[in-house]
Structures are given as C-alpha cells and as structure tokens.
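Reading through the structure tokens given below for one structure.
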Protein chains: 2
Amino acid sequence: MTQQFFNFAVHATDGNTRRSTFTTPHGPIEMPAFAPVGTLANVKTLEPRDLREVGANLILANTYHLYLRPGHELIERFGGLHKFMAWDGPILTDSGGYQVFSLADQRKVDDDGVTFRSHIDGSTHRFSPESVMEIEQALGPDIAMVLDECPDPLDRAYNEEALARTHRWAERCRAAHTRPDQALFGIVQGGVFADLRAQSAAFLSELDFPGYAVGGLAVGETKEQMYATLDVTCPLLPQDKPRYLMGVGAPEDIVEAVYRGIDMFDCVLPTRIARNGSLFTAEGRINLRNARFAEDHAPVEEGCDCYTCQTFSRGYLRHLYKAGEITALRLGTIHNLRFMERLMEQIRAAVADGTYAAFRSEFLARFTITDQVKRHEQRAKRKAAIAGK
Amino acid sequence: MTQQFFNFAVHATDGNTRRSTFTTPHGPIEMPAFAPVGTLANVKTLEPRDLREVGANLILANTYHLYLRPGHELIERFGGLHKFMAWDGPILTDSGGYQVFSLADQRKVDDDGVTFRSHIDGSTHRFSPESVMEIEQALGPDIAMVLDECPDPLDRAYNEEALARTHRWAERCRAAHTRPDQALFGIVQGGVFADLRAQSAAFLSELDFPGYAVGGLAVGETKEQMYATLDVTCPLLPQDKPRYLMGVGAPEDIVEAVYRGIDMFDCVLPTRIARNGSLFTAEGRINLRNARFAEDHAPVEEGCDCYTCQTFSRGYLRHLYKAGEITALRLGTIHNLRFMERLMEQIRAAVADGTYAAFRSEFLARFTITDQVKRHEQRAKRKAAIAGK
C-alpha cells in the first residue's frame with residue numbers, strides 16, 4: 001500500500017554496516033541518518049533554513065508534546081506538521097510512549113492503553129494504539145511509530161510482561177493505520193535480554209512493517225549492554241528495511257551502532273548540550289563557558305564549515321554564553337548539528353568506500369568521552385523527556 | 001582630522017526633514033537611520049547575517065555593559081568590536097552615561113566623573129571623560145559618544161546644575177579623543193527646558209563635533225514635551241552635521257522626530273517587545289500570545305518581506321511563544337527590525353520625493369498607540385537600561 005510513496009535501497013554494505021536511501025513523500029533520507037529533535041514542531045533556537053544549512057535530511061517531532069500543545073487537530077487544520085512548521089523535508093514522529101512511560105507515578109497502564117496526567121496542567125489523558133494512530137495520522141509525518149511500552153531495560157520481569165502488551169499494541173497500530181503516504185515503523189523491545197529481543201524481532205518481522213526501531217535503550221543500561229543488545233538484535237531484523245535506534249545520539253554511540261547495522265538515529269543530545277555551552281569537536285566535547293576560552297581567537301573546531309565556526313571565535317562565543325545571550329544557544333546548536341551531519345556524511349562515505357572499520361577505530365581513538373559526561377547524560381535524559389527540553 | 005574617514009551629505013530636504021548619508025570607515029549610513037541595539041556586542045537572538053537581511057546599516061553597542069563584561073581591553077585584543085562580533089557595518093557606542101545615571105543610589109557624581117557599582121557583582125568603578133574616551137577608542141566603533149550626565153528631564157534645578165558639568169565633560173572628551181577613524185558626537189542636554197537646550201546647543205556647536213545627539217529624552221516626559229523640545233532644539237544644531245535622538249524608537253516617535261529634523265535613532269523597543277510577543281504592523285502592535293491568533297493562518301503582517309512573514313503563520317508563532325520556544329523570540333525580532341527598516345526606507349523615500357508631510361499624516365492615522373503601551377514602555381525602559389535587556 002505504501003510502496004508508491006516509500007522505497008528503501010541499500011547501495012553498499014561493509015560488514016553489518018549499510019549505506020542506503022529511504023525515500024519518502026518529502027524527499028530521500030540518506031542513511032545512516034541522524035534526526036535532530038524538534039519536540040514542539042521546532043528544533044529549539046533554529047528555523048527550517050538553518051536545518052537545511054546544517055544538512056539535516058530528517059527531523060523528529062514528539063507526539064506526546066504536540067498532542068498536549070497545540071493539539072494534533074489544530075496542526076491538522078494547518079495542513080499537518082510540514083506546513084505548520086514550514087519544513088518540507090522528511091519528518092518522523094515518535095508515538096508518545098517513551099514520554100508517557102517516563103511520567104512514572106503520573107501514568108497507569110492497562111492492556112488496552114495508558115492513562116496519564118499532563119506535565120503541563122495535570123489534566124488526565126489516555127493513549128491507546130488506535131488513538132495514537134489517529135494523532136500521528138493527523139500530524140502527518142512521513143514516518144510514524146507504533147505505541148509501545150518502555151520498561152527499565154534491566155528489569156527482566158517487567159520486560160517479559162510488557163513485551164506481550166507491546167506486541168498486541170503493534171498489531172492494533174498496524175490495523176488502525178491507513179495513511180498510504182505515511183510509513184508506520186514497528187518497535188522491538190525486550191530490554192538488555194537477548195531472548196526477549198529475539199522474540200520481539202521475530203514477532204514484529206511477521207507484521208511486515210516498512211521499518212523497524214530498536215526501542216528501550218540508552219535509558220539506564222551501560223554502553224556495553226547497549227552495544228551487546230544491538231549485536232543480537234540487528235541480525236534478526238529484516239535486511240530490506242531500515243533499522244532505527246531511538247533516542248541515541250552521542251557520537252561514539254552512533255559510530256558503534258552503525259557498525260552493528262543501525263541506519264537511523266534521533267537524539268536531543270547535540271541541541272540540549274549546545275544550550276549549555278558544550279560543543280562537539282573531533283577530540284570530544286569542550287565547554288565554552290570555561291575561562292580558558294576567554295581569549296581564544298580560534299573557531300570552535302578548526303576545519304568545520306558551519307556558520308558559527310566560519311564567523312566567530314571561541315572567545316566571542318564564551319562571552320555570549322557567560323552573558324546569557326540567546327544568540328549563543330543558537331550558534332552552539334548550529335555547530336553541534338553541523339558536527340553531527342558531518343559525522344553522518346563521513347560515515348556514509350566510509351561505508352561506500354568499504355573503509356568503515358578503519359573510520360570507526362580512528363574516530364573512537366580521537367574522540368574523548370569522560371565518565372562525568374556519561375552520568376550527566378543519563379540523568380538529564382529522563383527529566384528532559386518529560387519537560388520537552 | 002576625521003575628514004578623510006567621515007562625510008555628511010544632505011541629498012534632499014523637505015521642511016525640517018533631511019535625506020542624507022553619513023559615510024564611515026565601515027560604510028555609509030543612509031539617513032534617517034534606525035540602529036538596533038546590540039548591548040553586549042550582539043543584537044539579542046540575531047547574528048550579523050540577520051542584521052544585513054533586515055536592512056540594518058548601523059547598530060549600537062553599550063559602553064557600560066561591554067566595559068564590565070567582557071571588558072574593553074579584551075575586545076581590543078580581538079581587534080575591536082567589529083571583528084569581535086563579526087559585524088563589518090557601522091557601529092555606534094554610547095558613553096555609558098545613561099546606564100550609570102540610571103543606577104540611582106548605586107552611583108555618585110562629582111565634577112571630575114562618576115563612581116558607580118556594577119549591577120552584576122556590586123564592584124566599584126569610575127568613569128571620567130578621559131576614561132570613557134579610552135574605553136570607546138579601545139572598543140573601536142565608527143561613532144563614539146561623549147560622557148554626559150542624564151538628569152530627570154522635568155527637574156529644572158538638576159538640569160541647570162548638570163548642564164555645566166556635561167559641557168565641561170564634552171570639552172574634556174573632545175580633548176582626550178584622538179582616533180581619526182572614529183567620529184565623536186556631542187550630546188545636547190537641558191531636559192524639557194527650551195532655554196537650557198538653547199544654551200547647550202550653542203555651547204556644543206562651538207566645539208565643532210562631527211555630529212550631535214539630543215540626549216535625556218524619552219525617559220519620563222510626555223510625547224508632547226519631547227516633540228516640543230525637538231521643535232526648539234533642532235533648528236539650533238549645525239545644519240551640516242547629523243542629528244541623533246538617543247534612545248527613541250517607537251515608530252510614531254520616529255515619524256514625529258524626523259519631521260522635526262532628526263536623522264538618527266536607536267532603541268531597544270523593537271527587539272525587547274518582540275521577545276514578549278508584541279509585533280509591529282502598519283496598524284499598530286499585536287501580541288501573538290493572544291488566543292485569537294491560535295488558528296490564524298495569515299502572516300504577522302500582510303505584505304511584509306521579512307523571513308518570518310514569508311515563512312510562518314501567526315498561529316504557528318503563537319504556538320512557539322506560548323510554549324516558550326526560543327525560536328519565537330528570534331522570529332519576532334526579525335519581523336520587528338524589518339518593520340523598522342521598512343519604515344526608515346519609506347521615510348527616506350518620502351523625504352526624497354518631497355512628500356514627507358503626507359507620509360506622516362497617513363502613518364499616524366493608521367498606526368494605533370494605546371495608553372497601556374505607552375505606560376508599559378516608560379516603566380520598562382529604566383529597568384532595562386540597567387539590566388541590559
């Protein structure tokens with residue numbers, strides 16, 4: 001049904017890694033791809049022309065947040081998300097599951113759906129597979145996600161119980177979804193447990209979704225557990241469909257996940273840390289609020305082609321960050337997103353050249369990750385999911 | 001001495017109104033001109049490319065704020081303000097006098113200068129005519145302002161006392177200023193008192209500055225008092241020098257002041273109110289946070305050529321403002337500054353055509369000013385001057 005609107009073509013493989021294109025009604029997504037997050041139909045501090053400039057070819061918007069504010073029906077009356085936010089490239093919406101299950105004691109799940117209280121005004125709402133399909137079809141992204149339950153990836157008993165529900169919900173979403181110009185992706189769950197992931201991959205493969213996400217990762221497990229889960233899950237997913245690792249966006253995780261066969265990513269990390277002064281370079285992150293940059297005349301990253309690096313010094317940016325100027329948040333966001341897109345361009349080139357293993361080793365040897373950064377990331381993540389930050 | 005770097009040419013006059021060009025080392029300023037305010041070497045939410053796009057041909061930066069943070073010496077080591085902030089067009093700096101005198105009980109004036117406490121950390125500092133010239137010459141704008149005292153415009157006794165000091169400070173600034181590639185402007189004071197303004201205009205004209213500001217207005221007097229003061233002051237200023245009304249930027253005030261012979265303006269108003277959701281149209285201001293715009297598919301202003309109006313609906317912008325998205329502040333700022341620059345373009349065309357009186361009547365008949373807006377403006381102004389907002 002969706003074949004006239006969507007196509008997935010793998011151009012080259014290098015080990016488990018693929019160089020591919022997923023074609024959508026709003027243009028092709030060159031993969032491996034990274035999607036900046038535009039929670040409220042807006043990538044914070046940016047405009048559509050900025051997203052084009054940094055090279056984004058897919059963005060994500062959040063169903064939970066848009067359902068609450070301004071409402072999917074209002075957005076539908078504006079002609080859908082693309083017209084509402086004036087972005088004519090591909091859009092993906094999540095299902096809201098992750099946000100709702102992050103609400104902890106403010107939500108209650110049953111087999112039919114999940115009842116929750118709004119983080120904005122405490123009002124009560126309910127999501128079911130059918131209602132979420134109605135919302136996502138009203139929003140009108142190119143790619144929609146099924147409603148799933150997102151358990152703690154380390155809790156075996158909860159994952160067993162939730163998996164059955166997630167699978168029934170996937171079937172119901174598949175049945176309720178009717179837009180031919182929107183691709184509905186399934187989501188494999190099962191925490192860090194290889195047998196549950198295998199069971200989930202097998203069940204969902206049968207439903208023949210046009211794409212598959214690996215959900216429930218990067219929310220508490222170690223990086224090693226995440227990579228091991230990808231090692232067992234990716235080979236069990238259909239070869240002829242894109243594979244999407246949800247909520248992952250640390251450069252080192254992207255490099256490792258692509259190595260294991262993932263094609264798509266989304267994450268608030270590059271945009272969120274940019275607003276805090278933390279910017280990516282090939283050697284790792286630097287925080288421009290640090291006093292050592294006060295008299296630094298160099299750009300954020302030598303050789304970067306983004307507007308920020310082509311125009312301003314670290315010293316000027318530090319001044320703006322320290323003074324609380326909004327422009328700093330924007331200039332940092334532009335750099336971090338361009339960094340991510342350059343990373344994806346390098347990844348795609350390496351796969352096409354058959355040199356991905358070498359690229360991976362080189363990147364990881366150069367890019368420094370501090371423990372402090374890792375801890376901060378995981379703490380901030382759950383909080384931010386709810387607040388929409 | 002500054003003749004090789006600066007030139008003032010009047011192309012047309014229409015009553016008291018002039019169409020002119022002031023040439024600076026960083027390009028021509030087409031007058032009448034409006035300067036957006038970039039307090040901390042940055043027009044809030046924008047970048048140099050945005051300023052070019054909206055048509056700004058002069059921007060203002062604040063000496064008081066930059067002296068405190070990041071410091072004029074640091075900026076000098078970066079090659080001055082133009083290089084530091086990557087704006088290669090004309091820049092004007094005020095003298096810091098207005099900010100310091102807005103500090104109320106946190107400053108103490110004597111004949112030699114003024115001692116004040118920083119609004120950031122309470123530390124004690126001192127400005128004298130000579131130290132301010134040192135700071136402004138280090139910052140390196142195209143136009144610098146003399147240090148003046150800014151009394152309550154309605155307080156006759158204080159204005160009399162302050163005027164003598166302001167005049168001595170003007171002489172000392174003139175003597176201390178040595179940069180040939182920087183034009184130092186004098187500032188006429190005297191509150192709303194015609195005889196004091198006449199005395200000030202006469203004294204400063206003798207010092208032969210390359211430009212003259214009318215200071216101490218739009219800070220508490222009525223609009224009628226402001227216009228009456230311009231009526232008596234403008235004719236007493238040299239015909240062959242630009243005339244600058246400091247801190248004025250309400251569209252109706254600009255139209256009235258140009259009518260009376262003013263050539264230059266600066267104001268935080270368009271950028272500050274934009275961050276609050278208040279946007280200009282030819283009919284007056286609208287506040288996009290208002291519920292009536294939720295389903296409005298029209299642009300902010302029909303016929304406006306700014307990026308915001310060309311790209312987004314009022315409904316989308318309202319959503320961004322209500323959700324607290326930074327992008328809204330920026331899109332509003334772009335529109336308000338483009339509105340101001342379009343106004344200045346229309347003013348310049350009307351003067352050139354000899355139709356300024358008709359333009360003025362038409363504009364004022366269409367543009368609605370509410371009392372609420374006026375009161376809000378004056379309250380916000382003093383506060384904002386100190387906080388640098």
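Any read-out appearing in this document is the output of simple, stated calculations on the displayed coordinates, not a laboratory observation. Bear in mind the structure is a predicted one, so any value in this text is a computation, not a measurement. Note: ideal-geometry Cβ built from the backbone for every residue, glycine included; neighbour counts use all protein chains shown.
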| query | How are the C-alpha pair distances of the range B:97-136 spread across 10 Å bins, as whole percents from the shortest bin up? | reply | 30, 60, 10
| message | Within 10 Å of each Cβ in A:77-86, how many Cβ atoms from other chains are there, averaged over the peptide? | response | 3
| note | Inter-copy distances for A:GLU345, label 7 Å out on the Cα-Cβ vector, sorted ascending, nm, one decimal, are 3.3
| Set A:LYS44/A:LYS83; A:LYS44/A:LYS322; B:LYS83/B:LYS241 screened for pairs whose C-alpha atoms are more than 26 Å apart | B:LYS83/B:LYS241
| message | If you average the alpha carbon positions of the range B:237-257 and of the range B:47-61, how far apart do those two centres end up, in angstrom? | response | 19
| Whole-number D in µm² s⁻¹ for chain B, Kirkwood Cα-pair radius fed into Stokes-Einstein, 10 °C, 1.306 mPa s | 75
| task | Compute the label-point distances linking A:THR13 to its equivalents in the other copies; points lie 7 Å from Cα along Cα→Cβ; give nm, one decimal, shortest first. | result | 8.3
| note | GNM on chain A, Cα springs under 10 Å; top mean-square fluctuation among A:CYS150, A:CYS267, A:CYS309 goes to A:CYS309
| query | What list of ³J(HN,Hα) values in whole Hz, one per residue of the range A:263-269 in order, does the Karplus curve 6.51 cos²θ - 1.76 cosθ + 1.60 (θ = phi - 60°) give from phi, with Gly and Pro shown as x? | reply | 10, 9, 9, 9, 5, 7, 3
| note | extent check for the protein assembly as shown: Cα max minus min per principal axis, descending, whole Å, gives 91, 53, 44
| query | Hey, could you pull the Cα Rg and Dmax for the range A:119-218, both in Å? | reply | 13.9, 40
| Once you measure Cβ to Cβ distances between cysteines in chain B, which Cys have no partner under 4.7 Å? | B:CYS150, B:CYS173, B:CYS234, B:CYS267, B:CYS306
| field | For peptides B:326-334, B:84-92, sequence by mean Cβ density within 10 Å, most packed first | value | B:326-334, B:84-92
| query | Among B:220-229, B:98-107, how do they line up from the highest to the lowest mean number of other beta-carbon atoms within 10 Å? | reply | B:98-107, B:220-229
| In degrees between 0 and 90, to the nearest 10, how far off the longest principal axis of chain B does helix B:326-353 point, with axes built from Cα atoms? | 70
| request: For chain A, give the magnitude of the charge dipole about the Cα centre (Cβ charges: +1 Lys/Arg, -1 Asp/Glu; no others), in debye to the nearest 20. | output: 1120
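Charges only on Cβ, +1 for Lys and Arg, -1 for Asp and Glu: so what's the dipole of the protein assembly as shown about the Cα centre, in debye to the nearest 20? Intermediate results must be reported in sequence, preceding the final value.
Working: 88 positive and 102 negative charges, 202 e Å.
Computed charge dipole of the protein assembly as shown: roughly 980 debye.
Take every residue in peptide A:28-40, count the Cβ atoms of other chains within 10 Å of its Cβ, and give the average of those counts.
So the per-residue partner count for this stretch is 1.
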| query | Which residue fluctuates the most in chain A, going by a Gaussian network model with Cα springs under 10 Å, if the choices are A:ARG49, A:ARG174, A:ARG19? | reply | A:ARG49
| message | Assume the label is 7 Å from Cα along Cα to beta carbon: what separations in nm does B:ASP111 have to the matching positions in the other copies? | response | 9.5
| task | Among A:ALA33, A:ALA183, A:ALA164, determine the one that fluctuates most according to a GNM of chain A built with springs between C-alpha atoms less than 10 Å apart. | result | A:ALA164
| task | Assign one of three labels to the range B:89-175, namely rounded, prolate or oblate, based on the Cα gyration tensor with a ≥ b ≥ c the square roots of its eigenvalues; rounded applies when a/c is under 1.5, prolate when it is not and a/b is larger than b/c, and oblate otherwise. | result | oblate
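Just from its helices, what would the mean residue ellipticity at 222 nm be for chain A, if runs of 4 or more DSSP H residues each count -39500 (n - 2.57) and the sum is divided by every residue, rounded to the nearest 500 deg cm²/dmol? Numbers along the way, then the final one.
Details: 16 runs with 170 residues, N = 389.
So the calculated ellipticity at 222 nm is -13000 deg cm²/dmol.
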| query | Across 5 Å bins from the origin, how do the percents of Cα pairs in the range B:1-40 run, short distances first? | reply | 6, 21, 22, 21, 16, 11, 3, 1
| note | Final fewest-first order of B:GLU206, B:GLU171, B:GLU301 on the 10 Å Cβ neighbour count is B:GLU206, B:GLU171, B:GLU301
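Could you work out, residue by residue across B:323-332, how many beta carbons of other chains sit within 10 Å of that residue's beta carbon, and then give the average as an integer?
Details: counts 11, 4, 9, 10, 12, 1, 2, 6, 2, 0.
Average per residue, whole number: 6.
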| said: Return the chain B residue and its Cβ-to-axis distance, rounded to the nearest Å, for the rotation relating B to A. | reply: B:ILE326, 3
| request: Label the range A:5-163 by shape, choosing from rounded, prolate and oblate, from the square roots a ≥ b ≥ c of the eigenvalues of the Cα gyration tensor; if a/c is under 1.5 it is rounded, and otherwise prolate applies when a/b is larger than b/c, oblate when it is not. | output: oblate
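Among DSSP beta bridges whose residues both lie in chain A, state the antiparallel percentage, nearest 5.
Values: 24 of 46 bridges.
Restricted to chain A, the bridges split so that about 50 percent are antiparallel.
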| remark: HN-Hα couplings for the range A:308-321 via Karplus (6.51, -1.76, 1.60; θ = phi - 60°), in whole Hz with x for Gly/Pro, come out as 4, 5, 6, 10, 10, 8, 4, x, 5, 4, 4, 4, 5, 4
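If we count other beta carbons within 10 Å of each Cβ, what is the order of A:TYR307, B:TYR321, fewest first? Don't skip to the end; give the middle numbers.
Numbers: A:TYR307 19, B:TYR321 23.
The fewest-first ordering by Cβ neighbours comes to A:TYR307, B:TYR321.
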| query | Which whole-Hz couplings ³J(HN,Hα) result when phi for each residue of the range B:78-88 is put into the Karplus expression 6.51 cos²θ - 1.76 cosθ + 1.60, θ = phi - 60°, listed in order with x for Gly and Pro? | reply | 7, x, x, 4, 4, 6, 4, 9, 6, 10, 9
| Between the helical axis of A:371-387 and the dominant principal axis of chain A, each derived from Cα atoms, what acute angle in degrees is found, rounded to the nearest 10? | 50
| query | Can you list residues whose amide H is under 5 Å from A:VAL300's amide H, if they're 5+ apart or on another chain and H is modeled 1.01 Å from N? | reply | A:ARG314
| task | Take the alpha-carbon centre of the range A:317-334, take the same for the range A:115-182, and report the distance between them in whole Å. | result | 37
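Based on other C-beta atoms within 10 Å, arrange B:HIS125, A:HIS72, A:HIS297 from fewest to most. Provide the component values of the computation, followed by the final result.
On the way: B:HIS125 16, A:HIS72 21, A:HIS297 13.
Final ranking by Cβ density, sparse to dense: A:HIS297, B:HIS125, A:HIS72.
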| said: On the Cα set of the range B:274-372, report Rg and Dmax in Å, please. | reply: 14.5, 47
| 20 Å Cα-Cα reach of A:LYS108 towards aspartates and glutamates, excluding residues that sit fewer than 8 places from it in its own chain | A:ASP94, A:ASP121, A:GLU130, A:ASP148, A:GLU149, A:ASP152, A:ASP155, A:GLU160, A:GLU161
| field | Estimated FRET transfer efficiency (A:ALA164, B:ARG292; beta-carbon r; R0 51 Å; 0.05) | value | 0.60
